[in-house]
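No lab work stands behind these numbers, since they all come straight from the coordinates. The shown structure was predicted, so the numbers you read here are calculated from the model rather than taken from an experiment. So basically every Cβ, Gly included, is an ideal-geometry build from the backbone, and we count neighbours across all protein chains shown.
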Amino acid sequence: MHPRLATDRHSLPQLLEAVRQHVADVLAEVCEREVVPAAPLPEPELLSVQGAGLRAALEEFIARWEPVLSASAGPRYLGFVTGGATPAALAGDWLTSAWDNNAVSSLDGAGQHLERETIGWLRTLFGLSDQQYGTFVSGATMSNTVGLAIAREWLGEQRGVSPAEHGAGALGPVRVLSGAAHSSVSKGLSILGLGRQALVSVPTQPGREAVDVSALERTLREVDTDGLCIVVANAGTVNTVDFDDLRALAALRERYGFWLHVDAAFGAFAALSPDHAHLVDGLDLADSICIDLHKWLNVPYDSAVQFTRRPDLQTSVFQNAAAYLGPLGETPDFAHLTPQNSRRLRALAAWFTLRAYGQDGHREITERCIDCARTLGDAIESTPGLRLLAPVRLNVVCFTLADNPTAERLSALTGQLTDEVFLTPTVLDGTPALRAAFSNWQTTAIDTQRVAAALQVAIRTL
Ligand SMILES: *Cc1c(COP(=O)(O)O)cnc(C)c1O
């Protein structure tokens, strides 16, 4: 054994204790450190030939790289839609690496059983029936892509061909209709050989990001698809967290026979809050559903879940027939259900946080984030110089400058805030804007007050 490995192996308990102590220190200050440090990035160094050993590697990471890492695990990193990691999720993630199991085959199946138990809990959490078959994937982009891949196979089934066997070309032109689809849908269509241009943008309701259902019906009649297409419903758009009327879409499906995929990456968490659950009413009717877990469930990256009513089609697409993996069988192994073969025991972090805090703990996180977003929305409305661009429907505040809202001026504004809060830019209906997305388990009303105060100072000096 290489001497560095042998030494690290010998002193593993002490080394892990040093790492544990350091992580405790990092997490103790994550709420107070600069949200996005201004320090310059280190220059890349050459690969070490001898190796330095774990202790020296840790010291170097602390010295060279930690000063430039953002506090994205903390309570005022409100860019994108960013979750943190609950204490139990962090423990689950550590244990995932410690056990280093590959949860894909029933030849060594305990990991898969644990994942199926976790999927069952997630179904309960989101109010889904056991008709929805779930699998873990690495994020919502992958969940959308897997959902669209199953949809592609369904289109083939309608036409008596199998794109999985004969290629996407066997399908002929495919149309994917959506109101305000997330950018990952186009990416998925590109990966799947359906092409980004398959996406047809359907008008949304006036001043909203929710699809106009009668415009969708008109488009369904007009597009040339031999009556076959995919509809991507949005259950929580990223800019204004608007929701398509899922029941109305499911009713349209009865008449037009499309595949209904719902991108509920973070909007699905509305189901946890009795006051907001109506927003995702009808979610269970979908043919496939995307839900991210590394956002609002607050498990570490990479984690999302993909649900579908047609695991048979999912297996047609993703089966990885190999003698060493064992037969497909009644309950296919996960190796036959997603793009990945080998992968980590991805469910464990979700298992831990759901076991530790339950439905009620995660409801509390969801509702606290919603309250914070409301409070910040109110503060922005009453701040001269700022303008709210949409009502706060859930956990995102979308706002801009009251006067001359250019991307440059907005960037100058956020540039002044990076110690205190991280916000990301967007464009809503042609207007450059900012978003503050609340999805971290540690964010409280005090953080919201700090963000509002920082914005009020920055706007005065802009
Ligand atoms: C974040 C998000 C995605 C993409 O998720 P990743 O986890 O970044 O791959 C897709 N759809 C919606 C609505 C999202 O919010």
> Which longest uninterrupted range of the chain lacks any GluC sites (Glu not before Pro) assigned by DSSP to a loop state (not H, G, I, E or B) and surrounded by at most 12 other Cβ atoms within 10 Å?
Replying inline: 46-329
> Gap in Å between the Cα centre of region 299-375 and the Cα centre of region 251-291?
Replying inline: 17
> Mean separation of Cα pairs under 8 Å and 6+ residues apart, divided by the residue count of the chain: what relative contact order is that in percent?
Replying inline: 22
>> Could you work out the relative contact order of region 349-462? I mean the mean sequence separation of Cα pairs under 8 Å and 6+ apart, divided by the number of residues, in percent.
In response: 29
> Which residues does a label at GLU117 reach in region 341-375, if reach means a backbone N under 17 Å from a point 7 Å past the Cα toward the Cβ?
Replying inline: 345-359
> Using +1 on the beta carbon of Lys and Arg, -1 on that of Asp and Glu, and nothing else charged, what's the dipole of region 89-219 about the Cα centre, debye to 20?
Replying inline: 580
> For the chain, which DSSP H helices look membrane-span-like by this rule: Cα extent along the axis of 20 Å or more and mean Kyte-Doolittle of at least 0.5?
Replying inline: 445-461
> To the nearest 0.05, how large is the calculated FRET efficiency for HIS166 and TYR324 if R₀ is 30 Å and r is the Cβ-Cβ distance?
Replying inline: 0.65
> Where does region 1-104 land on the Kirkwood hydrodynamic radius, alpha-carbon pairs, in angstrom?
Replying inline: 16.3
> Two-decimal Rg/Rh of region 145-202 from alpha-carbon positions, Kirkwood Rh?
Replying inline: 0.95
> Taking one equal scatterer on every alpha-carbon of the chain, how large is log10 of I(q)/I(0) by Debye at q = 0.07, 0.12 1/Å?
Replying inline: -0.40, -1.12
> Taking other Cβ within 10 Å of each residue's Cβ, how do PHE80, PHE352 sort, fewest first?
Replying inline: PHE80, PHE352
> Of VAL213, LEU283, MET1, which is farthest along the charge dipole of the chain in the positive direction, counting Lys and Arg as +1 and Asp and Glu as -1 at C-beta?
Replying inline: VAL213
> Which order results if HIS276, HIS22, HIS2, HIS336 are arranged by neighbouring Cβ count within 10 Å, fewest first?
Replying inline: HIS2, HIS22, HIS276, HIS336
>> Could you list HIS113, HIS182 so that the one with the fewest beta carbons within 10 Å of its beta carbon is first and the one with the most is last?
In response: HIS113, HIS182
> If we restrict to alpha carbons, what Rg and Dmax does region 117-213 come to, in Å?
Replying inline: 15.5, 43
> Which is farthest toward the positive dipole end of region 331-413 among THR383, CYS369, LEU337, measuring Cα position about the Cα centre, with Cβ charges +1 (Lys, Arg) and -1 (Asp, Glu)?
Replying inline: LEU337
> Taking a temperature of 37 °C and a viscosity of 0.692 mPa s, what whole-number D in µm²/s does Stokes-Einstein yield for region 208-316 with Rh from Kirkwood over alpha carbon pairs?
Replying inline: 223
> If the viscosity is 1.567 mPa s and the temperature 4 °C, what translational diffusion coefficient in µm²/s does Stokes-Einstein give for region 308-462 when Rh comes from Kirkwood over Cα pairs?
Replying inline: 68
